[in-house]
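Everything below concerns the one structure shown next.
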Amino acid sequence: MPAVSVSEAASAADPAAAPAADPAAAPAAEVKKATTDEIEEAMKDVVDPELGINVVDLGLVYGTHVDDDNVVTLDMTLTSAACPLTDVIEDQTRQALTTGPGGGLVQDFRINWVWLPPWGPDKITDDGREQLRALGFNV
């Protein structure tokens, strides 16, 4: 008959007495990935400092990709390649995506600044056009 340790015998007699499972041996919890819709909604809190309209409705967000670690890469452009406000938009993006209850919507983010295709007024959403008209712009 094989030898049985005291802890194994106690575990067999009383399952509550079983030693705690090794957390390192447990499967890793699956990371909940943010959806494109959730990211787009959060990015509506990021406002172009010059125009006062959010970057989604201005058509500045060209694409999003969320990896398996819940890190999002945003393909974004600006109304002008010479825009000096990239730092402001990056700070607002960090606030919109990585802070809040439970640490935020995503683990981290990266902005891939792209210039092709160039931004133009045709990229503005209908909501963005209404907002610009309310500010006195003719679009």
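Being touching a strand residue (DSSP E or B) at 6+ places or on another chain (Cβ under 6 Å) and either open to solvent by 30 Å² or more (accessible area, probe 1.4 Å) or among the aromatic types (Phe, Trp, Tyr) (or both) is the filter here; which residues of the range 97-108 pass it?
From the range 97-108, those touching a strand residue (DSSP E or B) at 6+ places or on another chain (Cβ under 6 Å) are 97, 106-108; that's our starting set.
Within the range 97-108, GLN107, ASP108 meet the criteria.
Residues in the range 32-62 that are more than 24 Å from GLY103 (Cβ to Cβ), open to solvent by 20 Å² or more (accessible area, probe 1.4 Å) and in contact with a strand residue (DSSP E or B) (Cβ under 6 Å, 6 or more places away or on another chain): TYR62 alone. Might you let me know whether the range 43-52 holds any residue that is touching a Ser or Thr at 6+ places or on another chain (Cβ under 9 Å) and not in a loop (DSSP other than H, G, I, E, B)? Checked against the condition, which is being touching a Ser or Thr at 6+ places or on another chain (Cβ under 9 Å) and not in a loop (DSSP other than H, G, I, E, B), the range 43-52 yields at least one hit. Counting the residues of the range 63-82 that are surrounded by fewer than 17 Cβ atoms within 10 Å (Cβ to Cβ) and within 28 Å of GLY136 (Cα to Cα) gives 3. Looking only at the range 109-121, residues that are within 14 Å of ALA42 (Cβ to Cβ) and either open to solvent by 60 Å² or more (accessible area, probe 1.4 Å) or in contact with a Lys or Arg (Cβ under 6 Å, 6 or more places away or on another chain) (or both) come to 0 in all. Would you be able to say whether some residue in the range 80-95 is in contact with a Lys or Arg (Cβ under 9 Å, 6 or more places away or on another chain) and either in contact (Cβ under 8 Å) with a residue 12 or more places away in the chain or among the aliphatic types (A, V, I, L, M) (or both)? Checking the range 80-95: not a single residue is in contact with a Lys or Arg (Cβ under 9 Å, 6 or more places away or on another chain) and either in contact (Cβ under 8 Å) with a residue 12 or more places away in the chain or among the aliphatic types (A, V, I, L, M) (or both).
The values are calculated or read from the model by the stated rules, or taken from the named source; none is laboratory data. Predicted model, so just to flag it, every value in this text is computed and none were measured. Neighbour counts run over all protein chains shown; Cβ positions are idealised from the backbone, glycine included. Quick note on the areas: whole protein, heavy atoms, side chains included, nothing else; ligands and nucleic acids left out. Shrake-Rupley method; radii C 1.70, N 1.55, O 1.52, S 1.80 Å.
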